[in-house]
Amino acid sequence: MKNDFALAFKQILDERGLPQEVVLAAIEDAMVSAYRRAVHASNAQHVEARIDPETGAVEIFAEKEVVDEVQDERTEVVLSEAKTVDEEADFGDMVVVESTPQDFGRVAAQTARQVIQQRIREAERDVQLKYYTKQVGDIVNGVVQAINAKQISLGLDLKAEGIMPRRQQIPREFFRVHDRVRALLLEVQDGNRGPKIILSRSHPDFLRRLLENEVPEIYQGMVEIRSISREPGQRSKVAVAALQPGVDPVGACVGIRGVRIQGIVRELNDEKIDVIEWNHDPQMYIAKALSPARVLNVFLEDNGGPKTATVVVPEDQLSLAIGRDGQNARLTAKLTGWRIDIKSLVEATSEVLFKLKNTADYADYYKQEKDLIPQIEAVMRKKAEGRPITPEDYQEMQAFTERVELGRITSERVSQKEIKERTEIAKEGIPQGAYELPLATLGLPTRVENLLVENSGVETVGDLAFKMNYDVEKIRGITGIGPKAMEQIESSLELMISSLPEPEEIVEEEAVVAEVEPAAKVQPEETLEAAEPVTVKPTDKVAEPVIADEVPEVTVDEVAEPDVVPAAEVPAEAEPVQEQVLTSKEEISELKPEMLDAPDISKADELPLDEDEEDDDKSKKRKKFVEIEYDPDRDVTIYRKKHKRDSKGWDDDEWDI
């Protein structure tokens with residue numbers, strides 16, 4: 001026969017629902033704390049307790065040092081006693097020996113009571129937290145323990161407590177203490193006084209779980225719940241779809257004579273539930289979702305903004321389709337994801353007539369329906385005067401409205417598709433890096449650049465390239481941009497786009513650039529005579545110049561034979577070439593005209609505007625062109641502007657962007 005300790009121990013396990021190992025560990029920790037308090041042992045000393053679950057006997061073991069003479073029994077032990085535990089023990093060793101004080105059971109019972117209770121409560125909380133965390137989203141049963149204005153407290157399994165806030169309750173639903181309630185486990189939070197379990201009866205997933213419990217086809221995966229919209233305590237709409245052929249999803253949810261759905265209705269305090277068959281066609285889906293109202297037409301408009309469905313219903317169905325306080329339309333919008341605009345047939349016909357006469361988008365349809373419009377207007381006058389309208393007149397109005405609206409919607413969809421395809425074609429061939437380069441990098445005249453920014457809104461090279469590909473006539477139509485300016489824009493764009501490397505071409509370009517020898521430096525006349533001729537390798541790349549102005553061709557002789565400068569006039573040390581590395585769009589856009597040598601390209605008398613404005617002084621203009629080169633080592637694009645200033649040779653301005 002078991003003793004009292006074993007019976008009490010077994011009772012704790014049954015009442016608390018805790019594993020035996022957890023309770024034993026809690027009691028042993030309590031015994032260790034009691035021993036330390038009883039003998040005033042240090043926390044640094046290793047102490048452990050062992051308890052026999054059958055007899056309840058407690059033994060304390062402490063780590064002590066082996067010495068010749070014991071001065072402190074708490075931390076020292078003689079060699080003979082240490083040998084009983086470890087035969088190889090020697091002086092100075094640390095051994096764990098039994099150190100249970102006399103009458104320790106009574107002292108431990110008084111000292112360790114609170115520790116044992118605290119450890120058991122902590123173990124209970126951990127078990128509750130793990131158990132209910134796994135059940136989040138499922139239905140749990142509870143008993144009402146307390147009711148107040150803010151929440152309802154429910155007693156759950158494992159002696160846990162759940163709360164149901166007021167917003168998670170079904171309106172006009174009342175409970176009494178000791179009532180059994182089913183609710184959805186919405187959330188579990190770890191608190192200082194145990195897990196905080198939030199329950200809900202108003203969440204849409206509560207209705208979903210009830211349907212899964214009541215309808216075997218849903219639980220087995222033959223029928224799927226696609227969407228749920230719910231206003232707790234009033235009305236709900238559920239869209240279901242069959243995953244297997246031959247299964248009626250609505251009939252499976254309703255049951256024979258509504259047995260299945262009626263059980264859920266009673267559980268939800270007589271909340272009305274509309275079960276609708278889901279359809280991939282939005283028009284049919286929206287028409288069914290507005291049940292019990294009868295729908296004549298559904299017109300869908302999806303122009304990139306909010307998706308809007310205009311629903312046309314008979315006059316006697318208008319209030320039913322909208323519902324009390326707009327409830328039916330609101331639930332349909334939540335269920336389908338479309339914005340619902342409900343109109344009567346007379347109202348829809350009146351709007352179509354107005355648009356045909358006053359809206360340019362309906363001009364083509366006005367010509368098509370021109371012969372029928374007087375007849376429709378006559379029917380509308382009869383309606384306004386209160387005279388009866390025949391069913392044939394209603395059918396004619398419905399057909400008229402359907403033809404016009406469906407034709408307009410179809411035309412808009414075709415236009416949007418064409419615009420999308422045209423936009424994709426215009427974006428092809430434009431590197432992503434072009435959208436990061438400002439318009440100033442093209443070297444266009446300031447007046448032309450300002451006209452492009454003001455009239456077409458372009459700010460980067462990529463924007464201009466897209467505008468040119470998408471609608472070049474719009475650029476041509478800008479006042480002040482003539483044929484010469486267009487040629488300059490096209491040539492600059494072509495050179496700029498071709499100079500931007502593609503990501504996959506960077507490695508190949510690095511290999512080519514590595515083979516190019518550095519350019520020969522310009523030497524004074526005396527040195528040029530003794531210098532060896534410079535040969536150009538086949539691998540050298542020569543960038544094609546972009547002609548900024550219409551100037552005569554520069555022959556090889558002009559470049560190869562510079563004007564002779566006396567040795568006395570040659571400066572002792574040439575000025576270094578200015579170089580600036582721009583790292584962002586802001587720095588590029590902040591370039592001053594002086595930095596880009598703007599005076600050479602912004603003078604009004606030097607701009608190549610139109611053929612009428614050209615004169616015979618072109619030969620006097622400064623000859624200049626731009627060289628563009630990509631440096632993969634520095635990951636920059638180099639723009640070189642060269643100017644021939646009278647007879648002093650060529651000056652280079654190099655900018656790295």
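The values are calculated or read from the model by the stated rules, or taken from the named source; none is laboratory data. If you're wondering where the values come from, they're calculated on a predicted model, not measured in any experiment. With ideal geometry, Cβ positions are generated from the backbone for all residues, glycine too; neighbour counts draw on all protein chains shown.
Per the conditions (1) in a loop (DSSP other than H, G, I, E, B); (2) at pLDDT 90 or above, the sole criterion not satisfied by Ala321 is (1). Filtered by the rule that a residue be in contact with a Pro (Cβ under 7 Å, 6 or more places away or on another chain) and within 24 Å of Lys427 (Cβ to Cβ), the range 465-488 gives a lone residue, Gln488.
To keep it simple, each residue is scored yes or no on (1) outside any helix (DSSP H, G or I); (2) surrounded by fewer than 19 Cβ atoms within 10 Å (Cβ to Cβ); (3) at pLDDT 90 or above.
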| residue | (1), (2), (3) |
| --- | --- |
| Gly326 | no, yes, yes |
| Thr332 | no, no, yes |
| Leu335 | no, no, yes |
| Ile342 | yes, no, yes |
| Glu347 | no, yes, yes |
| Glu351 | no, yes, yes |
| Asp364 | no, yes, no |
| Pro374 | no, yes, yes |
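Is one or more of the residues making up the range 444-455 within 16 Å of Leu495 (Cα to Cα) and in contact (Cβ under 8 Å) with a residue 24 or more places away in the chain? The answer is yes; a qualifying residue exists.
Among residues of the range 242-261 that are charged (D, E, K, R), those with a beta-carbon under 8 Å from a residue that is assigned to a loop (DSSP other than H, G, I, E, B) at least six positions away or on a different chain give the pairs Arg260/Val215. Of the residues making up the range 159-181, those that are aromatic (Phe, Trp, Tyr) and surrounded by 14 or more Cβ atoms within 10 Å (Cβ to Cβ) number 1. For the range 190-241, filtering for residues that are of a type in the set (S, T, N, Q) and closer than 17 Å to Gly337 by Cβ leaves 3.
Given the condition modelled with pLDDT under 80, touching a Phe, Trp or Tyr at 6+ places or on another chain (Cβ under 8 Å) and aromatic (Phe, Trp, Tyr), answer yes or no: does some residue in the range 23-37 qualify? The answer is no; no qualifying residue exists. Residues in the range 315-337 that are closer than 30 Å to Glu369 by Cα and of a type outside the set (Asp, Glu): Gln317, Leu318, Ala321. Between Val223, Val215, the distinction of being in contact with a Leu (Cβ under 9 Å, 6 or more places away or on another chain), surrounded by 21 or more Cβ atoms within 10 Å (Cβ to Cβ) and free of Cβ contacts under 8 Å to residues at least 60 places away in the same chain belongs to Val223 only.
Can you pull out the residues in the range 235-264 that are closer than 24 Å to Arg324 by Cα and surrounded by fewer than 16 Cβ atoms within 10 Å (Cβ to Cβ)? Hit for the range 235-264 is Gln262, nothing else.
Looking only at residues in the range 398-450 that are closer than 29 Å to Ala360 by Cβ and touching a Lys or Arg at 6+ places or on another chain (Cβ under 9 Å), which one is surrounded by the most Cβ atoms within 10 Å (Cβ to Cβ)? Per the criteria, the residue is Val404.
Candidates are the residues of the range 304-317 that are in contact (Cβ under 8 Å) with a residue 24 or more places away in the chain and within 19 Å of Ala399 (Cα to Cα); the one that is surrounded by the fewest Cβ atoms within 10 Å (Cβ to Cβ) is Glu315. Screening the range 152-171 for residues that are in a strand (DSSP E or B) and among the β-branched types (Val, Ile, Thr) and picking the one that is farthest from the chain's Cα centre (by Cα) gives Ile152. The residues in the range 112-130 that are at pLDDT 85 or above and outside any helix (DSSP H, G or I) can be counted, and the count is 0. Kindly indicate whether Lys382 is surrounded by fewer than 19 Cβ atoms within 10 Å (Cβ to Cβ), free of Cβ contacts under 8 Å to residues at least 24 places away in the same chain and outside any loop (DSSP other than H, G, I, E, B). Yes, satisfied.
Inside the range 461-476, residues that are touching a helix residue (DSSP H, G or I) at 6+ places or on another chain (Cβ under 9 Å), surrounded by fewer than 18 Cβ atoms within 10 Å (Cβ to Cβ) and not hydrophobic (A, V, I, L, M, F, W, C) make up a count of 6.
With the condition kept exactly as written, say whether any residue in the range 310-321 is within 30 Å of the chain's Cα centre (by Cα) and small (Gly, Ala, Ser). No, that holds for no residue.
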